[in-house]
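Q: One structure, pasted below without further comment.
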Amino acid sequence: MQNFRYFTKELKIELFRKFIHKIFSKNYTLNKQEYLKWLYSNSKDLSQICKNINSELWNETNNFQKNIILKKKEICKKKVNKSFICRAGTEFIYFVTILKKPNVVIETGVGLGFSSLAFLYALNENNKGKLYSSDLPYIKYNQSEKYIGYVVDDKYKKNWVLLTKGDLTNLKIITNEIEKIDIFHYDSDKTYLGTQKTFEILKQYFHKDTVMIFDDLLDHTFFYDLVNSGKYKYWGIYNYKGNYIGYIGNLNKT
């Protein structure tokens with residue numbers, strides 16, 4: 001109840017927006033079975049994608065995953081509600097961030113912060129770049145806001161702006177501070193409408209070398225419609241532990 005009161009007092013607009021999206025969003029613009037077939041037929045093995053681009057970097061990525069991410073996950077299993085634990089596609093995030101050496105990274109959806117840690121660790125390795133993260137506390141878990149970004153070590157926070165009042169509010173703040181976006185990672189509102197609205201807010205900050213990453217493609221067809229619009233030459237999909245993650249951008253150009 002305490003967390004619900006916090007939402008209704010501080011985040012009522014964001015809460016209402018998410019409610020509207022869940023009720024009115026049409027998540028599939030084609031037959032769901034056809035969409036699943038499309039995902040399957042267009043997905044590739046992540047290791048092959050990355051090895052073909054830079055096999056040495058992929059080996060480094062695997063070491064990062066084993067020595068940093070997996071160890072953090074084991075710690076979280078003992079200390080945190082299991083519902084919070086989600087590692088996202090941290091291998092791809094680390095790989096792309098080292099590869100592209102971005103100045104500005106934006107992610108929507110943080111949770112415990114595994115994706116944030118992957119970005120920040122890579123930015124630290126690059127010795128450049130800043131991460132802007134947008135999230136919203138879980139309404140059903142009391143004081144869940146204190147767990148947002150839980151796994152991120154203090155030494156990496158110097159390159160991090162973490163905002164926790166929902167995408168609608170957070171993105172207004174972020175876009176007032178940036179001129180362009182080099183990497184964008186979407187993992188927040190799991191509806192077509194929510195994804196579309198965030199994309200519309202940020203698209204003016206994308207440029208020809210921006211890499212966009214979309215998690216949870218099973219939830220709706222926004223990514224499908226985006227890549228089939230004919231506007232993007234370079235894109236791909238990989239299967240990640242039963243889910244599909246999509247990306248847009250030329251990974252062979254650094």
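Q: Answer yes or no as to whether THR195 is farther than 14 Å from VAL105 by Cα, surrounded by fewer than 22 Cβ atoms within 10 Å (Cβ to Cβ), in contact with a helix residue (DSSP H, G or I) (Cβ under 8 Å, 6 or more places away or on another chain) and touching a residue at least 24 places away in the same chain (Cβ under 8 Å). Steps first, answer last, please.
A: Values: farther than 14 Å from VAL105 by Cα: yes; surrounded by fewer than 22 Cβ atoms within 10 Å (Cβ to Cβ): no; in contact with a helix residue (DSSP H, G or I) (Cβ under 8 Å, 6 or more places away or on another chain): yes; touching a residue at least 24 places away in the same chain (Cβ under 8 Å): yes.
In short, no.
Q: What number of residues within region 27-84 satisfy the criterion of being in a loop (DSSP other than H, G, I, E, B), touching a residue at least 12 places away in the same chain (Cβ under 8 Å) and either closer than 20 Å to ASP225 by Cβ or of a type outside the set (D, E, K, R) (or both)?
A: Just the residues of region 27-84 that are in a loop (DSSP other than H, G, I, E, B), to begin with: 27-31, 45, 80-81.
Within this subset, residues satisfying the condition of being touching a residue at least 12 places away in the same chain (Cβ under 8 Å) are 27-30, 45, 80-81.
Retained after the next criterion (residues that are either closer than 20 Å to ASP225 by Cβ or of a type outside the set (D, E, K, R) (or both)): 27-30, 80-81.
Residues in region 27-84 being in a loop (DSSP other than H, G, I, E, B), touching a residue at least 12 places away in the same chain (Cβ under 8 Å) and either closer than 20 Å to ASP225 by Cβ or of a type outside the set (D, E, K, R) (or both): 6 in total.
Q: Can ILE75 be described as hydrophobic (A, V, I, L, M, F, W, C), modelled with pLDDT under 95 and at negative phi?
A: Numbers: hydrophobic (A, V, I, L, M, F, W, C): yes; modelled with pLDDT under 95: yes; at negative phi: yes.
Yes.
Each row is one residue, and each column tells you yes or no for (1) in a loop (DSSP other than H, G, I, E, B); (2) modelled with pLDDT under 95; (3) out of contact with any Leu (no Cβ under 7 Å at 6 or more places or on another chain).
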{"position": "ALA122", "(1), (2), (3)": "no, no, yes"}
{"position": "GLU125", "(1), (2), (3)": "no, no, yes"}
{"position": "TYR132", "(1), (2), (3)": "no, no, yes"}
{"position": "PRO137", "(1), (2), (3)": "yes, yes, yes"}
{"position": "TYR150", "(1), (2), (3)": "yes, yes, no"}
{"position": "LYS157", "(1), (2), (3)": "no, no, yes"}
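Q: What is the residue count in region 202-229 for residues that are assigned to a loop (DSSP other than H, G, I, E, B) and either among the hydroxyl-bearing types (Ser, Thr, Tyr) or touching an Asp or Glu at 6+ places or on another chain (Cβ under 9 Å) (or both)?
A: Our first condition is that a residue be assigned to a loop (DSSP other than H, G, I, E, B); within region 202-229, this holds for 215-216, 220-221, 228-229.
Subset that is either among the hydroxyl-bearing types (Ser, Thr, Tyr) or touching an Asp or Glu at 6+ places or on another chain (Cβ under 9 Å) (or both): 215-216, 221, 229.
Residues that pass the stated criteria total 4.
Q: If you go through region 230-253, how many residues are in contact (Cβ under 8 Å) with a residue 24 or more places away in the chain and part of a strand (DSSP E or B)?
A: First, pick out the residues of region 230-253 that are in contact (Cβ under 8 Å) with a residue 24 or more places away in the chain: 236-240, 243-253.
Now narrow it down to the ones that are part of a strand (DSSP E or B): 236-240, 243-248.
So the answer is 11.
Q: When region 120-140 is examined, which residues are found to be without any contact (Cβ under 8 Å) to a residue 60 or more places away in the chain and within 17 Å of GLU14 (Cα to Cα)? Break it down into steps so the answer makes sense when it comes.
A: Taking region 120-140 as the starting set, the residues that turn out to be without any contact (Cβ under 8 Å) to a residue 60 or more places away in the chain are 120-135.
Answer for region 120-140, where residues must be without any contact (Cβ under 8 Å) to a residue 60 or more places away in the chain and within 17 Å of GLU14 (Cα to Cα): SER133, SER134, ASP135.
Q: Taking interchain pairs and intrachain pairs at least six residues apart, which have beta carbon atoms under 7 angstrom, with the first residue in region 106-119 and free of Cβ contacts under 8 Å to residues at least 60 places away in the same chain and among the charged types (D, E, K, R) and the second surrounded by fewer than 24 Cβ atoms within 10 Å (Cβ to Cβ) and in a loop (DSSP other than H, G, I, E, B)?
A: Matching pairs, first to second residue: none at all.
Q: If you take the residues of region 180-201 that are in a strand (DSSP E or B) and not charged (D, E, K, R), which of them is farthest from the chain's Cα centre (by Cα)? Let's see the steps before the verdict.
A: From region 180-201, those in a strand (DSSP E or B) are 181-186; that's our starting set.
Those still in the list that are not charged (D, E, K, R) too: 181, 183-186.
Working: ILE181: 14, ILE183: 10, PHE184: 7, HIS185: 4, TYR186: 4 Å.
If we take residues in region 180-201 being in a strand (DSSP E or B) and not charged (D, E, K, R), then ILE181 is farthest from the chain's Cα centre (by Cα).
For every residue, the table says whether it meets (1) buried (at least 17 other Cβ atoms within 10 Å of the Cβ); (2) touching a helix residue (DSSP H, G or I) at 6+ places or on another chain (Cβ under 8 Å); (3) free of Cβ contacts under 8 Å to residues at least 60 places away in the same chain.
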site: LYS157; (1), (2), (3): no, yes, yes
site: GLY166; (1), (2), (3): yes, yes, no
site: HIS185; (1), (2), (3): yes, yes, no
site: LEU202; (1), (2), (3): yes, yes, no
site: MET212; (1), (2), (3): yes, no, yes
site: ASN228; (1), (2), (3): no, no, yes
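Q: For residues in region 169-183 being hydrophobic (A, V, I, L, M, F, W, C) and buried (at least 19 other Cβ atoms within 10 Å of the Cβ), which is farthest from ILE237 (Cα to Cα)? Explain how you work it out, then say what you get.
A: Within region 169-183, the subset hydrophobic (A, V, I, L, M, F, W, C) is 171, 173-174, 178, 181, 183.
If we keep only those that are buried (at least 19 other Cβ atoms within 10 Å of the Cβ) as well, we get 171, 174, 181, 183.
On the way: LEU171: 26, ILE174: 28, ILE181: 21, ILE183: 16 Å.
Once the filter is applied, the top-ranked residue is ILE174.
Q: Could you tell me which residue of region 86-109 is nearest to the chain's Cα centre (by Cα), considering only residues that are surrounded by 24 or more Cβ atoms within 10 Å (Cβ to Cβ) and more than 12 Å from ASP215 (Cα to Cα)?
A: So the residue we want is ILE106.
Q: Now a separate question. Let me spell it out: the conditions are (1) at pLDDT 95 or above; (2) over 16 Å from ASN124 (Cα atoms); (3) aromatic (Phe, Trp, Tyr), and PHE64 meets all of them except one. Which number is the exception?
A: Tallying (1) at pLDDT 95 or above; (2) over 16 Å from ASN124 (Cα atoms); (3) aromatic (Phe, Trp, Tyr), PHE64 fails exactly one: (2).
The values are calculated or read from the model by the stated rules, or taken from the named source; none is laboratory data. Because the structure is predicted, anything quoted here is derived from the model rather than measured. Ideal geometry is used to build each Cβ from the backbone, glycine not excepted, and the neighbour counts take in all protein chains shown.
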